[in-house]
Amino acid sequence: MSISPNVPSPQDSYHYENTGTPRWITVLFGVLFVALAATAFWGYTSETRLSQDLAKTQDQNKTLAAQLAQANSSLADLKGHIEVTEQKVGMTQSELAQARSRAESIRKEQQASAQKFNSQLTEVQKNSTSAQKFNSQLTEVQKNSEEKIGAVATDLGGAKKDLESTRSDLEATKGKLERMQGDEGVMSGLIARNHDDLEDLKRRGDRNYYEFTVARTKTAQRVGPVQLSLNKVDPKKNKYTMTVFVDDRSIEKKDKTAGEPVQFYVKGGRGASPYEVVVFDVGKNQITGYLSTPKDAGSAATAAPAVAPAAKP
C-alpha cells in the first residue's frame, strides 16, 4: 500500500505538534523567573540588613515593611501565575508582555522603597552623629565649669584662711600695742614702737599712717598732709624738738620723748581726733617715726610753706 504525497507522515505530524510552543518562550520564562527570584532575594536581604541597623526606628520601618510585604506578595502572586501559565500551551505574546511589565513595575517599586529607606537611614545616622557631638560638647562644658568652680572654691578657701590668719595676727598684735595720753591731754590711738608694729596698725586700717625719717636740716620735709622740721636732738635722753607746719601756721614741739604721742589739731579739727606724731628712734641728726591722721581727715589739712627756722647747734 502506497502513501499519498499529500498525506503527512507520522514523523511530520509529530514534528508539527512539537513546534506549537516555541523554545524561546520557555527559556525566556526561565530567565524571567530567575530574575524575579534574584530580585526577591535582594529585596529580602536589604530588608533584613536595614531592619537590623534601624532597630531604634521601628516606627519609620513599619510603613516600608508593609510596602515590602506587599511587593513580596505581588511577587508570589506573579510567580504562581507564571507557573500556571507555563503549563498552558497557548500563552499569547500579549500575556507575556503583561508579565514583563508587571515584573518591571515591582522592581521599580522595590528600588524606590530601598532608596527611601536608605534616605531615612542616612537622616537617622546624621541625627545620631549630631546628638553625639552635642553630648560631647555638653560634657566638655560641664567639665570646664566644674574645674572653674573647684578653682574658685579653692581660691575662696585660701582667701578665707588668709583672712583668718590676718585677723589672728591683728588680735595678737593688739595685745602688744598700747594707748597713751598725748601731750595735748588726749588719749591716743594704739601706739606702734617700731616698723613692724606700724605695719600691723596699717593692716587694722583704723587711721591713716605715714612713716618718715626726718633729718636735721634748714628745710622742712613733707610727711603726708603736713611738713616737719627737726630743730634739736638729744640721742642720749631720746629727746627731740621739732616744728610742725600746717594750715599756714607753725607749731613747735619742745623736748619730746621717743614713743610719746605728740598731738596737734588742724583747722576745723577741734572736737575730732587729733593728728599724732610718734618717734621710734632719736638719732644723732635725725628722727624716725610716723604720722597718724583720722580716716575722715582726708586732705583737709594744708601744709604750710616749707620754711623752717635755722637749725640750732
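Here are some notes:
- Counting the residues of segment 292-301 that are at pLDDT 65 or above and either among the aromatic types (Phe, Trp, Tyr) or in contact with an Asp or Glu (Cβ under 7 Å, 6 or more places away or on another chain) (or both) gives 1.
- Scanning segment 184-206 for residues that are crowded, with 19+ Cβ neighbours inside 10 Å and assigned to a loop (DSSP other than H, G, I, E, B) yields one hit, Ala192.
The values are calculated or read from the model by the stated rules, or taken from the named source; none is laboratory data. Keep in mind the model is a prediction, meaning the values are calculated, not measured. Glycine also receives a Cβ, built like all others from the backbone with ideal geometry; neighbour counts cover every protein chain displayed.
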